[in-house]
1. Give the shape of the chain as rounded, prolate or oblate, defined through the alpha-carbon gyration tensor: a ≥ b ≥ c are the square roots of its eigenvalues, a/c under 1.5 means rounded, and otherwise the shape is prolate if a/b is larger than b/c and oblate if not.
2. Explain nothing, just the number: relative contact order of the stretch 208-455, from Cα pairs under 8 Å at least 6 residues apart, as a whole percent.
3. I need to check one value: relative contact order of the stretch 132-203, counting alpha carbon pairs closer than 8 Å and at least 6 residues apart, in percent.
4. Counting only helical runs of four or more DSSP H residues, what would the 222 nm mean residue ellipticity of the chain come to if each run contributes -39,500 (n - 2.57) and the total is spread over all its residues?
5. Taking neighbour counts of Cβ atoms within 10 Å as a proxy for exposure, in what order, fewest first, do 155, 274 appear?
6. Whole-Hz ³J(HN,Hα) for each residue in the stretch 38-44, computed from phi via Karplus 6.51 cos²θ - 1.76 cosθ + 1.60 with θ = phi - 60°, x for glycine and proline: what do you get?
7. Taking the Cβ of residue 107 as the centre, find all other residues whose Cβ is under 11 Å away and add up their charges (Lys, Arg: +1; Asp, Glu: -1).
8. Dipole size in debye (nearest 20) for the chain around its Cα centre, Lys and Arg Cβ +1, Asp and Glu Cβ -1?
Amino acid sequence: MFKKVLIANRGEIARRVARTCRRLGIATVAVYSDADADGPHVRECDEAVRVGPAQVKESYLNAAAIIEAARSTGAEAIHPGYGLLSEKSSFARAVREAGLVFIGPAPEALDAFGDKMRARHVALSAGVPPVPGVDEPIPTDDVARAKAEAARVGYPIVVKAVGGGGGIGMQVVKDEAGIERALKSCSDRGAQAFGDPRVYLERYVQSPRHIEVQVFCDAHGNAVALGERECSVQRRHQKILEESPSPLFVGEEGDRARKLLFDRALAVVTKAHYVNAGTVEFIVDAQNPSEPYFLEVNARLQVEHPVTEMCTGIDLVEVQLRVAAGEPLPDYVRNAQRRGASIEVRLYAEEPRKGFLPRPGPVDELAWPQAGDDLRVEAGVEQGSKVTPYYDPMIAKIVSYGGDRDQAIARLDRALSELKIGPVITNRDFLRDVLSSQRFRAGDYDTLFAEALAKQPV
């Protein structure tokens, strides 16, 4: 096992990784920007190194500075967390070339899944159907071709940035009139956010359910699916609530659909010789849950990994460390049993009733609900912190567990009612609206549900 790990991230995920390292007796190194000099993750690690000013491109995306920080402190490995550099194959390759261990999949796997077109071809070669669409990028100046392909695929369609993620560079187009504008908009956004202007087209699935499978693979030929997570409560194609198991799969028919989902997820990652933690994402038509379409692979730990941990009792970060150190998947992972239900909500500094407008601000008052075996609070701030405009406005993740879904909902709603935070504006009350809505309680919701709920009069 490693003696010292550098955590190339910030906020709650840096604290989360550090917590597991501390339990395992592994020393930790934090990196920080000027905006995070007093951040909790800096104090909670054994050492900390400044990597640049507040702007993310000059600090947390400064690969050279991060690798130098690892070298100068004697860290043997780098854990990238999620987002930022976690899926950059160039970073993973540079880490390897520096003689360090990247705690995640190999650069070759990141190459395969970091590009939506390559990922689509991996799925096809594994015999797993992707969402109907095109198999090559569409030139943004070839509007006629885009219109012809859209007509073939069938409206409504989604224009997507090839290098995209988190809903960035993605637009739904209902008819031919919107094609040209969407091509340019998504291309520009992809170039800005990912350095890749290429776009492609997929069919927009009606009544879409966004369901993902947590997978884990080692370098010894073992691969396991640790359950699914329903991620359909979204705004701007970004998740704000996740739960496991999905309420879509009910009874014997649901069990068969779930098994198919797991089999397809494992087929995709084993085809790419994947190693470490990953998430295979699918779009499922709520009217036909027995036919999941491959969407993408998130080749890293996910924001919502705690719901899988709550239902399996497995520390996924520990398994990441062990697999990265060359160990096989432990028996308790390969033979994992899932129990109960877990739900996670993302507490954001934003106003849902005003189009989910981000609202950075001070956190002068803060009292978290009491955490325990049935409730986790993964926070990136503390009393006296500020939610700055430089980074994603997520404040914390609050995760509940129950013997069944109703109990998990009740515990999470109670926890949100006990939360006290201000004067920063948050989505806390909206999250409670989601939990109390009839559609959510019935498990009858899709990716359009949250935005529609936010538009309803209070």
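1. Taking the square roots of the gyration eigenvalues as a ≥ b ≥ c, the chain is rounded.
2. 22 percent
3. 43 percent
4. The helix contribution divided over the chain gives -10500 deg cm²/dmol.
5. 155, 274
6. 9, x, x, 5, 5, 6, 7
7. Its environment carries a net charge of -1.
8. Dipole of the chain, to the nearest 20 debye: 260 debye.
Only the coordinates and a few stated rules stand behind these numbers; no lab work does. Note that the structure is a prediction, hence the values are computed from the model and not measured. Please note: Cβ atoms are built from the backbone with ideal geometry, for glycine as well, and neighbour counts cover all protein chains shown.
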